[in-house]
Amino acid sequence: MSKHHHHHHDGCHRHDPEKLLAESMERARGEGLRRTRALSDVLSILIQACQPITLGDIAESKELASGADKATVYRLLIKLEQHGLIRRLGLHDRAAYYIINLPGEHHDYLICNGCGCIERLDIACPVQTLEKTIAANSGFQRIYHELTFYGQCPDCAKAG
């Protein structure tokens, strides 16, 4: 973890992790994912993290009680992302960060092109109003967006 990673534990999940895990497991099952120990470990780690974490963070976590190897964890992350249970952030696969998608919780992120650090944007999201308009005009339901801004963090800008 570089010094740039800001951990926002304020405004973290307002619900208890156990309940969130049970709900996420239900959603995973609804998407046809097999209920495995590795799946519940990975979801649990992501829920506890409250901020974007890497494949390495997950694979090396002592919470990964199932002992799943990195390849297994990676395959699970891909599946979870395809089914919309998690979101992948970052510039490319090598430096991808993952965060749990929870119904009703939404954050936008700012990513540095230089060092890859990720910050959560703590501003009211202007796009949510737009989603309502789009829903009203298109008839689409359960609209969501993933907004990521890219730039240079203050450290990289100074160094540049």
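Throughout, read-outs are computed from the coordinates displayed, never taken from laboratory work. All figures in this text were calculated on a predicted structure; none of them were measured in a lab. Methodologically, a virtual Cβ is constructed for each residue, glycine included, from the backbone with ideal geometry; neighbour enumeration extends over all protein chains shown.
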Subject >> Pair R35, L130: separation of 7 Å Cα→Cβ label points (nm) >> reply: 4.0 nm
Subject >> Per-selection Rg to Rh, the chain - Cα, Kirkwood hydrodynamic radius >> reply: 0.98
Subject >> Nonlocal amide H pairs with N101, under 5 Å, H built at 1.01 Å >> reply: I86, R87
Subject >> Of I53, T133, V42, farthest towards positive along the dipole that unit charges on Lys, Arg, Asp, Glu beta carbons give the chain >> reply: V42
Original post:
Amide H to amide H under 5 Å from Q51: which residues, 5+ apart in sequence or cross-chain, H placed 1.01 Å off N in plane?
Top reply: none
Subject >> Value of relative contact order over the chain, rounded to a whole percent, pairs C-alpha under 8 Å and six or more apart >> reply: 19 percent
**OP:** Output the relative contact order of the stretch 51-112, whole-number percent, from Cα pairs under 8 angstrom with separation of 6+ residues.
**Re:** 34 percent
**OP:** Using the Cα centre as the reference, give the magnitude of the dipole from point charges on the C-beta atoms of the stretch 55-102 (Lys, Arg: +1; Asp, Glu: -1; all else neutral), rounded to the nearest 20 debye.
**Re:** 140 debye
Subject >> Rotationally averaged projected area of the stretch 65-160 (alpha carbon convex hull; nm²) >> reply: 8.5 nm²
Subject >> Residue-by-residue Karplus 3J(HN,Hα) for the stretch 109-114, coefficients 6.51, -1.76, 1.60, Hz, glycine and proline x >> reply: 10, 10, 10, 7, 5, x
Subject >> Size of electric dipole in the stretch 18-160: Cβ of Lys, Arg +1 and of Asp, Glu -1, about Cα centre, debye, nearest 20 >> reply: 400 debye
